[in-house]
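Worksheet: one structure, shown below.
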Amino acid sequence: MGFEFLTNTPLEEARRSYLQALEALGFASEPETVPVQEACGRITAQAVYAHGCAPHYAASAMDGIAVRAADTFGATDTTPVVLTPDRFTVVDTGDQIPEDCDAVVMVEEIVPQADGSVMIHGAAAPWQHIRQIGEDVCAGEMILPGYTTVSPAAIGAMIAGGVLQVPVIRRPVVGIIPTGDEIVSPCADPEPGQILEFNGAIFSAMVREWGAEPRLYPIVPDKFDLIEAALGKAAEECDMVLLNAGSSAGREDYSAAAIGALGQVFCHGLAMKPGKPAILGAIGKKPVLGVPGYPVSGILVIEELLRPVVDRWFHRCPALRPTALATLTRPVVSGLKYEEFVRVRMGYVGDKLMASPLNRGAGVVSSFMKADGILRIPQGREGYEAGDQVQIRLLSPLEKLKNTLVVIGSHDPLLDEVGNLLHMADPGLYMSSSHVGSMGGIMAVRRGEAHAAGCHLLDTETGRYNVSFLRKYFPNGGVKLIRCVGRNQGLMVAAGNPLGIRSFSDIARSGIRYVNRQKGSGTRILADYLCKENGLVQDSIYGYDREELTHTSVAAQIAGGSADAGMGIYSAAKLYGLDFLPICIEEYDLLIPDGAYDTPLVQRLLAVLKSDAFRDKLMDMGGYTLDRPGQIIPYLEDEDR
């Protein structure tokens, strides 16, 4: 492969060609010798042979007496044999067998006599209860083949065979070079414009998990000569190098040029999303990867391209990645140019495994932390529809997914607290919550995709929450509406309210930047209703079409200074130190399908809602009221009853 700038090479082709190119350069692992006691988990560099036999002498396998088997012949229950002390030797398990003995009689089968002799009631077979020389390991036998992972049992076998040092494949050192003028070392209070360098910590943990040794270098500014010098130093000191950021085609993206100046670039640009700007190169025979700066891109690139290189170093087959067939809860759209990787949260609802797509931003590292699986959309496919059956590469074991409570619907921080209380009460239980708004939750329950849905939909004609919507979408029942909390909903504004916002209608003032929730969320429906009540034209409100998926993300925008006001709940405002203008107390309830209600997972959820721990946590968060949480709210009865 020759050098090409920002190509669109298919991932599988790039991986195969890269490994072939490295092999042609002479890329190979190196052995080292370590004490056997320190070899667990290491991979043998060659076959390991026993130096001696185990056991190396004839040893008693039981506590008892060593005898000549012939002296016991004829012994029965009716014709016992008595052996005088000169005709047997007392032995314990592991003792050497005297040369003139060829059997052991267990202590349970002898009857001591007053004169020191013993009576036995059964004949001994020759060599019974004796461990022969080499019974476990014989000198010269192969204990372990080459390129094999050393297990705890193998350590015992090697020591038994007299092997005290074992040749293993040396752990490769992976140099990690973070670059960027805006990147700073981890600290508690970064200044505006500073980005905490955490990719290095993520990548270090990943390569360590694969058996390699990470070496994290200091942050290098975006200057070609400094990047080139750091890259050269790492290539001398390490077996593989990750050059993080600067892999795209921006004015300060020097990675490809620096790799090319010191070695060669095989490929620059992959048909994968996220991760397109990745660079595959080498300096001498050492692999060098240019990794995109966005964390999700970087994680995927080193998973798909560095891990195979590490596997090749260790001469091991790539780890099998378990997969499962799941049902998508929402449509996923993809471009035709790339193979796309979409993170999903998962859980079983009944006998169906459901997969809910997470935020797809390349910089959203938390989505990888929350993900239970990866959906791969092939290059050339436009995506999948909601309800499609798709193959998911699992990041969480199926056993966990079978014990996961799936909640899809309106966001509230209390869901995270409920999930935490559920898991702490029983570490075998988990909760997966996806924030798609109240209407999205109703539809998910209607399609059988969730155990529960958070819901706070206001009927603007009656002033009641949720009931009329359930009558519309579940006219024949089939679901239960569970009382959860009352919560204080209002306008969140910057601390001290510097713009003097006093009422909802003020969001239409000139110079006010509003941030909204997504369409279909209960908060958005409330905001739309308030616009109508106050005679506000939505198109005239600056930022009204700017959407965030959670109350906390709205609060974060205001706290960060990119917005001046947004509808949200008091607990989110308190969390970010914002001022809060209360507007109403709304009902935030849970919608649970009848088929899930009696399941252990849902019953544990209801127990959490009724617990003192839940009450105490909400009181600490602030802005909530509790009135018989966990109680069923009849919704098909007449409203006047």
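The values are calculated or read from the model by the stated rules, or taken from the named source; none is laboratory data. What you see is a predicted model; the values in this text were computed from it and never measured. Note that we place each Cβ from the backbone using ideal geometry, even for glycine, and neighbour counts take in every protein chain shown. To get the accessible areas, we keep the full protein, side chains included, count just its heavy atoms, and leave off ligands, DNA and RNA. Shrake-Rupley method; radii C 1.70, N 1.55, O 1.52, S 1.80 Å.
Using label points projected 7 Å from each Cα along Cα→Cβ, tell me how many nm separate His121 and Gln46, to one decimal.
It is 5.9 nm.
Using a 1.4 angstrom probe, figure out how much accessible area the stretch 470-614 has per residue, in square angstrom, rounded to the nearest whole.
Dividing the accessible area of the stretch 470-614 by its residue count gives 42 Å².
Enumerate the lysines that Lys610 could reach by cross-link, defined here as Cα to Cα under 22 Å, with residues fewer than 8 away along the same chain left out.
Counting by Cα, and skipping residues close in sequence, Lys610 has these lysines nearby: Lys480.
Under a cut-off of 17 Å between alpha-carbon atoms, report the lysines in cross-link reach of Lys400, not counting same-chain residues fewer than 8 places apart.
Lys352, Lys370
Trypsin sites (Lys or Arg not before Pro) within the stretch 575-636: which are DSSP loop residues with at most 15 other Cβ atoms inside 10 Å?
For trypsin sites (Lys or Arg not before Pro) across the stretch 575-636 that sit outside H, G, I, E and B with at most 15 neighbouring Cβ atoms in 10 Å, the list reads Lys610.
Just name one of Met119, Thr84, Phe73: the one whose Cα is farthest towards the positive end of the charge dipole of the stretch 1-157 (beta-carbon charges, Lys/Arg +1, Asp/Glu -1).
Phe73
Could you sort the peptides 543-556, 287-300 by per-residue average Cβ neighbour count (10 Å cutoff), highest mean leading?
Going from most to least packed, we get 287-300, 543-556.
Please determine, in degrees from 0 to 90 and to the nearest 10, the orientation of helix 199-209 with respect to the longest principal axis defined by the Cα atoms of the chain, where the helix direction is its Cα long axis.
30 degrees
Run through the DSSP bridge list for the chain and note the antiparallel percent, rounded to the nearest 5.
Of all bridge pairs located within the chain, approximately 75 percent are antiparallel.
If one takes the longest principal axis of the Cα atoms in the chain, at what angle in degrees, from 0 to 90 and to the nearest 10, does the Cα axis of helix 11-25 lie?
Result, in degrees: 50.
Long-range amide H contacts for Ala75: which residues qualify at under 5 Å (H placed 1.01 Å from N, peptide plane, sequence gap of 5 or more or a different chain)?
Here the answer is Ala123, since their amide H atoms fall under 5 Å of that of Ala75.
For a quick check: with amide H placed at 1.01 Å from N, whose amide H comes under 5 Å from Cys584's, ignoring anything fewer than 5 positions away on the same chain?
Under 5 Å from the amide H of Cys584 lie the amide H atoms of Gln489, each far enough along the sequence or on another chain.
If I fit a long axis through the Cα atoms of helix 224-237 and take the longest principal axis of the Cα atoms of the chain, what angle between them do I get, 0 to 90°, rounded to 10?
Result, in degrees: 20.
Let's test this: bin the Cα-Cα distances of the stretch 553-613 at 10 Å from zero up to the farthest pair and state each bin's percent.
Percent of Cα pairs in each bin: 19, 30, 24, 22, 4.
Treating only the Cβ atoms of Lys and Arg (+1) and Asp and Glu (-1) as charged, compute the dipole magnitude of the chain about its Cα centre; round to the nearest 20 debye.
Taking the Cα centre of the chain as origin, the dipole is about 2280 debye.
Run the accessible area of the stretch 109-228 with a 1.4 Å probe and give the carbon-and-sulfur part as a rounded percent.
With neighbouring chains kept in place, the figure for the stretch 109-228 is 59 percent.
Long-range amide H contacts for Val166: which residues qualify at under 5 Å (H placed 1.01 Å from N, peptide plane, sequence gap of 5 or more or a different chain)?
Val34, Val36
If the cut-off is 26 Å between C-alpha atoms, which lysines fall inside it for Lys285, apart from same-chain ones fewer than 8 positions away?
Qualifying lysines at Cα under 26 Å: Lys223, Lys233, Lys276.
Could you tell me the center-to-center distance, by alpha carbons, between the stretch 348-398 and the stretch 288-307 in angstrom?
Going from one Cα centre to the other spans 19 Å.
Rounded, prolate or oblate: which fits the stretch 170-261, taking a ≥ b ≥ c as square roots of the Cα gyration tensor eigenvalues, rounded meaning a/c under 1.5, else prolate when a/b beats b/c?
Working: a/c = 2.18, a/b = 1.15, b/c = 1.89.
It is oblate, given that a/c is not under 1.5 and a/b is not larger than b/c.
FRET efficiency for Leu398 and Met619, Cβ-Cβ distance as r, R0 = 45 Å, nearest 0.05?
On the way: r = 38 Å, r/R0 = 0.84.
It comes to 0.75.
What does the highest-first list of 148-158, 271-281 look like by mean Cβ count within 10 Å?
Working: 148-158: 16.5, 271-281: 25.0.
Highest-to-lowest ranking by the protection proxy: 271-281, 148-158.
For the stretch 467-593, what % of the accessible area comes from carbon and sulfur atoms, probe 1.4 Å?
Working: 2550 of 5140 Å².
Exposed carbon and sulfur together represent 50 percent of the surface.
Taking loop as defined by DSSP and a crowding limit of 10 other beta carbons within 10 Å, which GluC sites (Glu not before Pro) in the stretch 11-111 fit?
Glu99
Between the stretch 43-77 and the stretch 418-459, how many Å separate their Cα centres?
63 Å
From the residues Cys138, Ile501, Gly162, which one has its Cα farthest along the dipole of the chain in the positive direction, the dipole being from +1 and -1 charges on Cβ of Lys/Arg and Asp/Glu about the Cα centre?
Ile501
The list (1) -0.75, -1.00; (2) -0.38, -0.65; (3) -0.53, -0.78 gives values of log10 I(q)/I(0) by the Debye sum over Cα atoms at q = 0.06, 0.08 Å⁻¹, and only one came from this structure; which label was calculated from it?
Entry (3).
Calculate, for the stretch 267-358, the solvent-accessible area per residue in square angstrom, rolling a 1.4 angstrom probe over the heavy atoms of the protein chains.
32 Å²
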